[in-house]
1. For region 98-127, name all the residues that are hydroxyl-bearing (Ser, Thr, Tyr) and open to solvent by 10 Å² or more (accessible area, probe 1.4 Å).
2. Test Leu54 against the criterion of being among the hydrophobic types (A, V, I, L, M, F, W, C), assigned to a loop (DSSP other than H, G, I, E, B) and open to solvent by less than 60 Å² (accessible area, probe 1.4 Å), and give yes or no.
3. Looking for whichever is in a loop (DSSP other than H, G, I, E, B) and closer than 22 Å to Ala37 by Cβ here; the options are Gly147, Gly167. Which one fits?
4. Could you list all residues from region 135-148 that are of a type outside the set (Gly, Ala, Ser) and free of Cβ contacts under 8 Å to residues at least 40 places away in the same chain?
5. So, in region 76-127, how many residues would count as being assigned to a loop (DSSP other than H, G, I, E, B) and basic (Lys, Arg)?
6. Given the residues Thr102, Thr117, Thr152, which is the only one that is modelled with pLDDT of 90 or more and among the polar types (S, T, N, Q)?
7. When only residues in region 128-144 that are open to solvent by less than 20 Å² (accessible area, probe 1.4 Å) and part of a strand (DSSP E or B) count, which is nearest to Ala173 (Cα to Cα)?
Amino acid sequence: MTRTAVLALAVLFTSSAALAHDSAPAKPAPAPAAKAATVEKGKVLARGEKLKGLPAVTLGDLVGAPEKYQDKPVRLEGTVRRACDKVGCWMELAESADKSATGVRVLMKDHAFFVPTDSAGCKATVEGTVNVKSPDQAEVDHMKSEGGTVPTGKDGKAREVQVEAVGVELVRA
């Protein structure tokens, strides 16, 4: 075999290998390890979308007549009473940190973002859509396994006001 033939075969083999490599499906890059976040005193920690200024509703009004706000976008302010102690996929928002105060559960839309698991006591501003829900027993058990509680209605069935948040801002006083 001549030197030119060997060189031509080498170029052909290299080109074929490169084409085969380019047409192979790319493997997704591994997700970066989740960093434990915390809310620093006096600083705003934003999660999800930037807040847009949705219509403000007080927690008292929402809890007093939740059906009035069903499926409506709202902006709420309150104190984080507790948060999911596993990953921060939900938090309870109330007018105070008092565990007996009536509040609402804030779920992070599509689990697209989370709040720090140590968010309890922080002031929060939340924007999202209201949903009055009667969770089934599996959901109630799931919430309890993450440190939450689920209120019951007069009929004894689980019933809670939820807000599916698209954006959250937290501040530790």
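The values are calculated or read from the model by the stated rules, or taken from the named source; none is laboratory data. Bear in mind that the values here come from a model prediction, so they are computed numbers and not experimental data. Cβ sites come from the backbone with ideal geometry, for glycine too, and all protein chains shown count toward neighbours. To get the accessible areas, we keep the full protein, side chains included, count just its heavy atoms, and leave off ligands, DNA and RNA. Shrake-Rupley method; radii C 1.70, N 1.55, O 1.52, S 1.80 Å.
1. Listed by number, the residues that qualify are Ser100, Thr102, Thr117, Thr125.
2. On the way: among the hydrophobic types (A, V, I, L, M, F, W, C): yes; assigned to a loop (DSSP other than H, G, I, E, B): yes; open to solvent by less than 60 Å² (accessible area, probe 1.4 Å): yes.
Considered against the rule, which asks whether it is among the hydrophobic types (A, V, I, L, M, F, W, C), assigned to a loop (DSSP other than H, G, I, E, B) and open to solvent by less than 60 Å² (accessible area, probe 1.4 Å), Leu54 comes out as yes.
3. Testing whether each residue is in a loop (DSSP other than H, G, I, E, B) and closer than 22 Å to Ala37 by Cβ leaves just Gly147.
4. Pro135, Asp136, Gln137, Glu139, Val140, Asp141, His142, Lys144
5. Count: 2.
6. Details: Thr102 fails: modelled with pLDDT of 90 or more; Thr152 fails: modelled with pLDDT of 90 or more.
Residue meeting the stated conditions: Thr117.
7. Restricting to residues being open to solvent by less than 20 Å² (accessible area, probe 1.4 Å) and part of a strand (DSSP E or B), the top hit is Gly128.
For (1) open to solvent by 70 Å² or more (accessible area, probe 1.4 Å); (2) within 29 Å of Asn131 (Cβ to Cβ); (3) at pLDDT below 50, each residue gets a yes or a no:
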| residue | (1), (2), (3) |
| --- | --- |
| Ser16 | no, no, yes |
| Pro28 | yes, no, yes |
| Ala37 | no, yes, no |
| Lys43 | yes, no, no |
| Lys50 | yes, yes, no |
| Pro66 | no, yes, no |
| Gln70 | no, yes, no |
